[in-house]
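Please read the structure below before turning to the comments.
The values are calculated or read from the model by the stated rules, or taken from the named source; none is laboratory data. Small disclaimer: the values here were computed from a predicted structure and weren't measured. Neighbour counts are summed over all protein chains in view; Cβ atoms, including those assigned to glycine, are modelled from backbone coordinates with ideal geometry.
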Amino acid sequence: MELLDGKLVSKKTKDELKAEVSLLKEKGITPRLAVIMVGNDSASQIYVRNKNKACEYIGIEFEEYLLPEETKQDELLSLIDKLNNKKEVNGILLQSPIPRHLDINEAFRRISPEKDVDGFNPINVGKLVLGQDTFISCTPFGIMKILEDYNIEIEGKNAVVIGRSNIVGKPMSQCLLNKNATVTICHSKTRDLSSITKNADILVAAIGKPCFVTEDMIKPGAVVIDVGINRMEDGKIKGDVDFENVKDKVSYITPVPGGVGPMTIAMLMTNVVKATKNQNR
Ligand code: NAD
C-alpha cells in the first residue's frame, strides 16, 4: 500500500503557483481573489482564514467581504455585481453555507463565469459536462491532480464514486468520465452498494459518514480516495473510509487528514491564477 500524500502534492502545486505569480508580477499583473462570507459560521471562518494564508504564500491579493447574517438577497447580488465589474478582482468566491433565507444558487449564477474560481456557475458546470476548458470544483479537481501526480491510470478503469453532491460527487464522476473511466455513481438510495464498490479499480468516498467504507467493500489492489471530513467527539478528524481496516487490501489510499483536504485550497489557488491569465490574455 502506498499513501497518496495530498499535503506534498499541495505544497508542490503552491510552490509552482508562487513561481508563476512572481513572473506575472514582473509583467505588472497581480492575481486577486475576493471572498464573500455571510453570517458567522465558525467553520467557514477557519476555511476563509486558510484561503487567505494560501493567497499570502503564493502572492495572490486577497479581499474579504463579511456581510451580516440579516443581509438581503439583493444586497448580496449587488456586491457580486460590483466584484464582477471590478477589474482588479480576478476570482470571486462565495463561502458556503450562507443563511437559509438567501438563495445560494441564484448567487452562484450571478458570479461571472470568468471569475467563478469555485466552478459552481452552471455555465462552468455545463462546460465540464461537455469536456470543455472550465473551472472545475476544487475538491474533485484536487483529486484528479493527485491521481495525475502519482501516475495512476484512469482510462478504461472502473471508477465508483459514492456520493452525488454538486460540489464533490457529481463533478468527480464527470472528471473521471472525461478521462475515459467507466464511472458508476452510488448514493443513499443505491441497493447492494458493496456489490458495486467491489468492482471499483478507483473508489472515491464522498459520503460524510465516518469509517463507512470497509475492507469487504473493496476490490484487492484498488485505489481508494477518501474525501470525508468527519469530526469525532474526541476532536479527531476521521474519513469516510475505515483506513486501518482497508489499508492492507488497497494499492493506494489517501489518508485523512493529509490527503484530499490540502488539495482543495491548492486547486482554488490554481483556478485564481488561471482566471487571472485568461483575463489578461
Ligand atoms: P453531501 O452530504 O452533500 O453528500 C453526501 C452524499 O453521500 C449524498 O449524495 C448521499 O446520497 C450519499 N450517501 C449518504 N449516505 C449514503 C449511504 N448510506 N450509501 C451511499 N451513499 C450515501 O456531502 P458532500 O458535501 O459531498 O461531502 C461529503 C464528505 O466530504 C463530507 O464528509 C464533507 O465534509 C467532505 N468534504 C471534504 C472536502 C475536502 O476538501 N476534503 C470538500 C468537500 C466535502
Can you confirm whether segment 121-132 contains a residue that is at pLDDT 95 or above, away from the ligand (no atom under 16 Å from the Cβ) and more than 19 Å from SER173 (Cα to Cα)?
no
Please specify each residue of segment 234-250 satisfying the condition of being among the acidic types (Asp, Glu) and within 16 Å of the ligand (Cβ to nearest atom).
ASP240, ASP242
Looking only at residues in segment 201-219 that are surrounded by 23 or more Cβ atoms within 10 Å (Cβ to Cβ) and small (Gly, Ala, Ser), which one is nearest to ARG231 (Cα to Cα)?
ALA206
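Residues checked against (1) in a helix (DSSP H, G or I); (2) free of Cβ contacts under 8 Å to residues at least 12 places away in the same chain; (3) at positive phi; (4) surrounded by 13 or more Cβ atoms within 10 Å (Cβ to Cβ):
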| residue | (1), (2), (3), (4) |
| --- | --- |
| MET37 | no, no, no, yes |
| ARG49 | yes, yes, no, no |
| LYS53 | yes, yes, no, no |
| GLU56 | yes, yes, no, no |
| THR71 | no, no, no, yes |
| LEU77 | yes, no, no, yes |
Answer yes or no as to whether GLY258 is of a type in the set (Gly, Ala, Ser) and either at pLDDT 95 or above or not in a loop (DSSP other than H, G, I, E, B) (or both).
yes
Residue that is surrounded by the most Cβ atoms within 10 Å (Cβ to Cβ) [pool: residues in segment 256-281 that are within 9 Å of the ligand (Cβ to nearest atom) and among the β-branched types (Val, Ile, Thr)]:
VAL260
All but one of (1) farther than 19 Å from TYR150 by Cβ; (2) more than 10 Å from the ligand (Cβ to nearest atom); (3) among the β-branched types (Val, Ile, Thr) hold for ILE253, so report the exception by its number.
(1)
Please tell me if THR254 is polar (S, T, N, Q) and closer than 26 Å to THR182 by Cβ.
yes
